[in-house]
Every structure is written in structure tokens, then in C-alpha cells.
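S.K.: Structure in C-alpha cells, see below.
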Amino acid sequence: REGGGVQVQLRLPFCLALFVVLALTSASGFPQTAKDNRNPPSPDFKLRVILTRDTYAAADPVFIKVELTNVSGKNLCFHEPGLEAETPGFGYLETEVTGPYAGEREFFIDHEDVRTPSPREKLVLAIKENWIKLKPEEVYVTKQARVYIGKNPGHWRLVTSYYPPEAEFGGQAEFHNYLDSAAREVGCTVPWTKVSADPVVIAVVSPPKR
């Protein structure tokens with residue numbers, strides 16, 4: 001029957017086109033929408049590295065301070081972050097140093113086993129009496145700490161990052177809740193986002209010949 005044959009020939013291109021449109025939509029549209037909805041968390045701090053000077057002789061010690069500005073819009077409270085020791089239970093600052101030659105990269109920091117106060121009443125008291133508290137837009141500057149630079153002349157790049165508190169033995173969600181509930185009792189919020197300062201560059205020059 002010619003009528004039936006014509007109808008089949010007309011339907012096939014339409015069905016094929018519809019299939020192609022649906023396939024392209026599934027392949028590109030839906031994942032793109034999901035990707036756009038995954039926004040990274042807003043930073044709690046803005047970091048800035050403070051140098052004593054920009055140029056050093058090869059044997060000179062290098063000291064830095066780190067400025068932390070509260071950009072969260074909330075009252076923050078945090079244990080003083082160490083620059084020379086990694087203290088996961090409290091949060092810490094780590095400086096990555098990259099030298100002028102390929103492969104010259106170091107993380108100069110020790111590990112210090114410092115326990116979070118327990119029970120909860122001791123933690124609340126520690127936050128009240130010992131932790132740093134910053135209102136929105138307030139600034140805290142760390143103590144001076146030494147950063148170890150290699151002796152090769154050239155430009156050395158420093159990047160300092162803040163690492164928030166982390167449970168040392170699993171149970172990260174419970175650890176978050178433990179710190180958060182104690183901080184709320186004091187009227188502040190624990191910073192939970194990692195953030196890095198803009199890189200700074202120092203010049204290392206050869207010592208003068210004698």
C-alpha cells in the first residue's frame with residue numbers, strides 16, 4: 001500500500017531528528033547546569049604576606065608575617081595559627097617556597113601534636129580566653145616567623161596558605177560540630193575554608209666577594 005509506505009518514510013527522519021536533539025541535550029545541557037550550581041565556598045580570610053625586605057644575601061635569614069583580614073561578614077574566632085608548626089586540630093599557616101631552578105620547592109613546617117581541649121566546657125573556656133576574635137573587616141597580623149630559603153641566587157617565590165582545623169583521627173563531621181557548637185556559645189564562627197595569599201617574590205643575591 002503506497003500510502004502506508006509514504007507515511008513510514010516521513011516519520012523516520014522526524015524520529016531521527018528528535019532522537020538527535022534529545023541526545024545532544026542530555027550530553028551537554030544537563031551536566032553543564034549541574035556544574036554551574038557547584039559554587040566553591042566563599043573564603044573567610046584574605047591573606048597577605050608581609051616581608052621585612054625584598055632582597056637578601058644568600059646567607060641572610062628571611063622573616064615574614066602574615067596578615068589575615070576577616071572577609072566572611074561574620075564574627076570569626078580561631079586559635080592563633082602557627083607559621084612554623086603544623087597543628088591540624090587548630091588550623092595553621094604553611095609557606096611553600098619555590099626556587100629559581102626546576103625542582104626547587106620546599107614546605108618548611110614542622111608537625112606539632114596539639115590536642116583540642118576536651119570536654120566541651122574546656123573548649124568553650126579556651127575560645128573565650130585564648131582564641132583570636134575578629135569582627136568583619138578586622139585584621140590580625142601573626143608573629144614574625146622564619147622561612148628557610150635556598151642559597152641559589154635568583155628569585156624565590158613564596159605562597160602562604162591557611163589550613164582550617166582538621167580532625168587528626170577521622171570523624172571530621174563530628175569534629176566540625178564539636179568546634180562549631182562551642183564557638184556559637186561564645187558568639188563567633190570557626191573559619192573552615194582553605195585560602196592562599198597572593199605570591200610574593202624575593203631576590204637572593206650572591207654575597208660580596210672578599
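Each reported figure results from applying straightforward, stated rules to the coordinates on display, with no laboratory input. Since the structure is predicted, the reported quantities are computational estimates derived from the model, not experimental observations. In this analysis, Cβ positions are derived from the backbone assuming ideal geometry, glycine residues included, and neighbour counts consider all displayed protein chains.
S.K.: Need the C-alpha centroid separation for the stretch 57-83 versus the stretch 169-183, integer Å.
M.R.: First find each Cα centre; the distance between them is then 24 Å.
S.K.: Can you tell me the length gained on complete extension of the stretch Gln144 to Ser118, counting 0.36 nm per residue apart and subtracting the Cα distance?
M.R.: Difference between extended and current length: 6.4 nm.
S.K.: I would also like to ask the following. Enumerate the whole-percent occupancy of each 10 Å bin, from 0 to the last occupied one, for all C-alpha pair distances of the stretch 110-210.
M.R.: 11, 33, 28, 16, 10, 3, 0
S.K.: Glu129 versus Asn39, label points 7 Å from Cα toward the beta carbon: distance in nm?
M.R.: So the two model labels end up 4.1 nm from each other.
S.K.: What is the extension gain from Ile50 to Glu67, computed as 0.36 nm multiplied by their sequence separation minus the C-alpha to C-alpha distance, in nm to one decimal?
M.R.: So the extension gain works out to 5.4 nm.
S.K.: Collect residues whose amide H, placed 1.01 Å from N in the peptide plane, falls under 5 Å from the amide H of Gly91; neighbours closer than 5 in sequence don't count.
M.R.: Glu166
S.K.: If you add up the charges near Ala173, with Lys and Arg at +1 and Asp and Glu at -1, over every other residue whose beta carbon is less than 13 angstrom from its beta carbon, what do you get?
M.R.: -3
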